[in-house]
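Visitor: Quick one: structure below, then a few questions.
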Amino acid sequence: MTVKFVLLVTAAPYSQQACESAWQFAHALLTAGHHLQQVFFYQDGVLAGNRLITPPQDEPNVPARWASLAQQYQLDLVICTAAAQRRGLLDDALAGKAGISGALLAQGFRIAGLGQFVEAYTQADRCLVFRA
Amino acid sequence: MTTPLRKKILHVHRQAPHGSSSAQEALDMLLISAAFEQELSVLFIDDGVYQLLSEQDPQCFGRKNFSKTFRALEHYDVHRLYVEDYSLHTRGLGVADLLLPVTCLSSADCAALMQQHDMLLNF
């Protein structure tokens, strides 16, 4: 039986393990043939979508790993707009509106409101929270 | 499996307000879910009980007093507010210190409450 999941990630990549655990869980459920409706990044979790993340060679690149998984499985990776703006993670549209140059959003992610998460979890069977 | 459009959600708030953004952002999420007419209960446990303290004044250290926004829960018909008894009393607090009416639960009752919901959102 296929289970539909939504994941909520609220911790920053690298600083906490939660984001990596979420990735591992996402990979496992997808490999097992289940469905991942959406991954919603909230609070410090929005930093997973920072395209400027450049870890040392021997450490994982979190945004790139998420983007790669998203491409492979057509995932919906959503960064919360309110949380993102508070932390300076803007896409082209938000940066333009604020008159700031330098959009930070990594490939494979989109910025949207909290309502997107609500719509996603109402369609899902299970929601898991990955937090600090 | 059935996927109803209305979930029975328990928000679990565990952190003190203002020291981190957890409480404010958890409340924002709670209000959005309420606006989408989800069936919501909220449990305040551990330092989360501090979120409901009346007469907060965080502006004096540069934070927003969002505690009055808790009153919006009433307008969205979110009445099931719970506090863990042990968390309250070990912090020298009682329900009279809180800005909203709540139901006090024992730890065992908190566990039972969690079992009754489709989704747990931990903050």
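The values are calculated or read from the model by the stated rules, or taken from the named source; none is laboratory data. None of the values given here were measured: they were computed from a predicted structure. Here the Cβ is made from the backbone with ideal geometry for all residues, glycine too, and neighbour counts use every protein chain on show.
Visitor: Within the set of pairs 6 or more residues apart or between chains, which connect a residue that is more than 17 Å from A:C127 (Cβ to Cβ) inside segment B:104-123 to a residue that is part of a helix (DSSP H, G or I) with Cβ atoms less than 7 Å apart?
Guide: Hits for this filter: B:C104/B:D85; B:C104/B:L88; B:C104/B:V95; B:L105/B:D85; B:L105/B:L113; B:S106/B:D85; B:S107/B:Y86.
Visitor: Which ones in segment A:107-125 are farther than 16 Å from A:A83 by Cα and either more than 8 Å from every other protein chain (Cβ to nearest Cβ) or under 14 Å from the mean Cα position of the chain (by Cα) (or both)?
Guide: Filtering segment A:107-125 down to residues farther than 16 Å from A:A83 by Cα leaves A:107-108, A:119-125.
Matches in segment A:107-125: A:Q107, A:G108, A:A120.
Visitor: When you look at A:F25, is it part of a helix (DSSP H, G or I) and either touching a helix residue (DSSP H, G or I) at 6+ places or on another chain (Cβ under 8 Å) or not aliphatic (A, V, I, L, M) (or both), yes or no? First the steps, then the outcome.
Guide: On the way: part of a helix (DSSP H, G or I): yes; either touching a helix residue (DSSP H, G or I) at 6+ places or on another chain (Cβ under 8 Å) or not aliphatic (A, V, I, L, M) (or both): yes.
Against the criterion (part of a helix (DSSP H, G or I) and either touching a helix residue (DSSP H, G or I) at 6+ places or on another chain (Cβ under 8 Å) or not aliphatic (A, V, I, L, M) (or both)), A:F25 qualifies.
Visitor: Restricting to segment A:84-125, and then to whatever is in a helix (DSSP H, G or I) and basic (K, R), can you tell me which residue is modelled with the highest pLDDT?
Guide: Taking segment A:84-125 and keeping what is in a helix (DSSP H, G or I), we get A:84-86, A:92-98, A:114-122.
Keeping just the survivors that are basic (K, R) gives A:86, A:97.
Numbers: A:R86: 96, A:K97: 92.
So the residue we want is A:R86.
Visitor: Scan (1) closer than 19 Å to A:L114 by Cβ; (2) small (G, A, S); (3) more than 11 Å from chain B (Cβ to nearest Cβ); (4) surrounded by 22 or more Cβ atoms within 10 Å (Cβ to Cβ) for the single condition A:A12 breaks and write down its number.
Guide: Just one mismatch for A:A12, condition (4).
Visitor: Let me ask something additional. Only one residue in B:G19, B:G48 is more than 11 Å from chain A (Cβ to nearest Cβ), more than 11 Å from the chain's Cα centre (by Cα) and either surrounded by 21 or more Cβ atoms within 10 Å (Cβ to Cβ) or under 24 Å from A:G45 (Cβ atoms) (or both), so which one is that?
Guide: Working: B:G48 fails: more than 11 Å from the chain's Cα centre (by Cα).
Sole residue among the options that is more than 11 Å from chain A (Cβ to nearest Cβ), more than 11 Å from the chain's Cα centre (by Cα) and either surrounded by 21 or more Cβ atoms within 10 Å (Cβ to Cβ) or under 24 Å from A:G45 (Cβ atoms) (or both): B:G19.
Visitor: Just wondering, is there one or more residues in segment B:15-36 that are part of a loop (DSSP other than H, G, I, E, B) and closer than 30 Å to A:V3 by Cα?
Guide: Pass one, segment B:15-36, residues part of a loop (DSSP other than H, G, I, E, B): B:15-21, B:36.
When the remaining residues are screened for being closer than 30 Å to A:V3 by Cα, the result is B:36.
Scanning segment B:15-36 turns up at least one residue that is part of a loop (DSSP other than H, G, I, E, B) and closer than 30 Å to A:V3 by Cα.
Visitor: Now for a different question. Taking segment A:48-72 only, how many residues are over 14 Å from the mean Cα position of the chain (by Cα) and assigned to a helix (DSSP H, G or I)?
Guide: 1
Visitor: With respect to A:T2, is the statement that it is touching a His at 6+ places or on another chain (Cβ under 8 Å) and either at negative phi or among the aliphatic types (A, V, I, L, M) (or both) true?
Guide: Numbers: touching a His at 6+ places or on another chain (Cβ under 8 Å): yes; either at negative phi or among the aliphatic types (A, V, I, L, M) (or both): yes.
So A:T2 fits the description; yes.
Visitor: Further question on the same structure: Using beta carbons and a limit of 6 Å, which pairs, at least six apart or on different chains, have the first residue in segment A:3-14 and in contact (Cβ under 8 Å) with a residue 12 or more places away in the chain and under 16 Å from A:N61 (Cβ atoms) and the second one of a type in the set (D, E, K, R) and crowded, with 20+ Cβ neighbours inside 10 Å?
Guide: Partner pairs satisfying both residue conditions: A:A12/A:D44.
Visitor: Moving on. Could you say whether any residue in segment B:99-121 is of a type outside the set (G, A, S), touching a His at 6+ places or on another chain (Cβ under 9 Å) and within 14 Å of chain A (Cβ to nearest Cβ)?
Guide: Checking segment B:99-121: at least one residue is of a type outside the set (G, A, S), touching a His at 6+ places or on another chain (Cβ under 9 Å) and within 14 Å of chain A (Cβ to nearest Cβ).
Visitor: Does segment A:40-51 include one or more residues that are free of Cβ contacts under 8 Å to residues at least 12 places away in the same chain and more than 14 Å from chain B (Cβ to nearest Cβ)? First the steps, then the outcome.
Guide: Filtering segment A:40-51 down to residues free of Cβ contacts under 8 Å to residues at least 12 places away in the same chain leaves none.
No - not one qualifying residue is present in segment A:40-51.
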